[in-house]
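What follows is one structure encoded as structure tokens, with my remarks underneath.
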Amino acid sequence: MQHTSHLLMIQPVHFSFNAETAVNNSFQNKSDQSNVQEKARQEFEQFISILRAHDIDVTVVEDTPDPHTPDSIFPNNWISFHEDGSICLYPMFATNRRLERKPSVLNSIQEKFLIVHTNDFTSNEKNELFLEGTGSMVLDREKKIAYACLSPRTNTQVFNEFCNTMQYKGVSFVAVDAAGAPIYHTNVMMCVADDYVVICLDSIKDSNEQQLVKQSIINSGKIIVEIDFNQMNHFAGNMLQVHNTRGEKFLVMSSQAFHALTPKQIETITAFNKIIHSDITTIETNGGGSARCMMAEIFLPLK
């Protein structure tokens, strides 16, 4: 199945601007707020409340103050969970983000879900080769296609290693922002749902690569909802499709992303599923990630 009703989210205790990740995340900007952690916590709690009000199951794990992990609110970069009972651990670009791989998170998951195997790609860190989970890759889980825009955080060799291990077909390309800089994570320019794909095709400058991606989407039986650079900059590519305990489907995004969409785009998306959005402006500004980055989908079997 492409989407799940089970999500892992990490409650922040020391959320802040991370200088280590800002070197190649153009979406990240240090705000002048003096209460960034307090505001981020409020936004997080409100987001959780909205998801749970729609009967979506959220496993919340509170981060620990030590070691200090300012980006722990984005767990999908270091771990992914799969239907066969396997988990994948990923090599991270920023050294302080590697500390997010805390036993307390896995212990909480194992209380509810069955983990039968671990695929550990983290040894690539010693060679400075990175693949930051479902930030670096956007997975078509039903069709077993992994899309990846290559960047300092998304290495071809590790991407191929993932695809070979998990038996995915890899579709890699180069995507840039409006200024021509590499886009740091695929999931800010692309979202794969069960019947459609939201994507900023303009960010793929090579015509052959753009056609490759378009054809892969069409061949997978999905329609394309195209967004522009301005919408991408407002996180309109950073979305995640989920369903609830009754099987109702939703596309989850930030309020900033929602307000960046045109009425026609909203009409197209809501023909397939409802939209859920929440204001997470502080998190987006300081962290350079949005709603999708905050949710790690859990496809593991329930105990």
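Miscellaneous remarks
- Leading residue by the ranking (surrounded by the most Cβ atoms within 10 Å (Cβ to Cβ)) among those in segment 249-275 that are in contact (Cβ under 8 Å) with a residue 40 or more places away in the chain and of a type in the set (S, T, N, Q): Asn273
- Annotation note: of Lys126, Lys169, Lys214, Lys143, the sole residue that is basic (Lys, Arg) and more than 28 Å from Asn273 (Cα to Cα) is Lys126.
- One residue stands out among those in segment 20-42 that are over 20 Å from the mean Cα position of the chain (by Cα) and in a helix (DSSP H, G or I): the one that is modelled with the lowest pLDDT, which is Gln37.
- Search result, residues across segment 173-193 that are more than 18 Å from Asn77 (Cβ to Cβ) and in contact with a helix residue (DSSP H, G or I) (Cβ under 8 Å, 6 or more places away or on another chain): Phe173, Val174, Val176, Asp177, Ala178
- Scanning segment 31-50 for residues that are out of contact with any strand residue (DSSP E or B) (no Cβ under 8 Å at 6 or more places or on another chain) and surrounded by 18 or more Cβ atoms within 10 Å (Cβ to Cβ) returns Val36, Lys39, Ala40.
- Unmet criterion (only one of (1) surrounded by fewer than 20 Cβ atoms within 10 Å (Cβ to Cβ); (2) under 16 Å from the mean Cα position of the chain (by Cα)) for Asn244: (2)
- Evaluation of Ala53 against (1) within 30 Å of Tyr168 (Cα to Cα); (2) modelled with pLDDT of 95 or more; (3) surrounded by fewer than 17 Cβ atoms within 10 Å (Cβ to Cβ) (one fails), failing number: (1)
So that you can scan it fast, the table gives a plain yes or no per residue for (1) in contact with a Gly (Cβ under 9 Å, 6 or more places away or on another chain); (2) over 16 Å from Cys149 (Cβ atoms); (3) of a type in the set (Gly, Ala, Ser):
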{"site": "Ala178", "(1), (2), (3)": "no, no, yes"}
{"site": "Tyr184", "(1), (2), (3)": "yes, no, no"}
{"site": "Met189", "(1), (2), (3)": "yes, no, no"}
{"site": "Tyr196", "(1), (2), (3)": "no, yes, no"}
{"site": "Cys200", "(1), (2), (3)": "yes, no, no"}
{"site": "Ile204", "(1), (2), (3)": "no, no, no"}
{"site": "Glu209", "(1), (2), (3)": "no, no, no"}
{"site": "Leu212", "(1), (2), (3)": "no, no, no"}
{"site": "Asn230", "(1), (2), (3)": "no, yes, no"}
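- Single residue of segment 98-154 satisfying the filter (surrounded by 20 or more Cβ atoms within 10 Å (Cβ to Cβ) and acidic (Asp, Glu)) that is nearest to Ile223 (Cα to Cα): Asp140
Condition check ((1) surrounded by fewer than 13 Cβ atoms within 10 Å (Cβ to Cβ); (2) assigned to a loop (DSSP other than H, G, I, E, B); (3) not polar (S, T, N, Q)) across all residues:
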position: Asp202; (1), (2), (3): no, no, yes
position: Lys205; (1), (2), (3): yes, yes, yes
position: Glu209; (1), (2), (3): no, no, yes
position: Lys214; (1), (2), (3): no, no, yes
position: Ile218; (1), (2), (3): yes, no, yes
position: Gly221; (1), (2), (3): yes, yes, yes
position: Val225; (1), (2), (3): no, no, yes
position: Met232; (1), (2), (3): no, no, yes
position: Ala236; (1), (2), (3): no, yes, yes
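- Taking first residues from segment 166-185 that are of a type in the set (S, T, N, Q) and partners that are surrounded by fewer than 14 Cβ atoms within 10 Å (Cβ to Cβ), the Cβ contacts under 7 Å between residues at least 6 apart in sequence or on separate chains come to Gln167/Lys144; Ser172/Thr156.
- Residue in segment 242-256 that is assigned to a helix (DSSP H, G or I) and on the phi < 0 side of the Ramachandran plot present: yes
The values are calculated or read from the model by the stated rules, or taken from the named source; none is laboratory data. Because the structure is predicted, anything quoted here is derived from the model rather than measured. Neighbour counts are summed over all protein chains in view; Cβ atoms, including those assigned to glycine, are modelled from backbone coordinates with ideal geometry.
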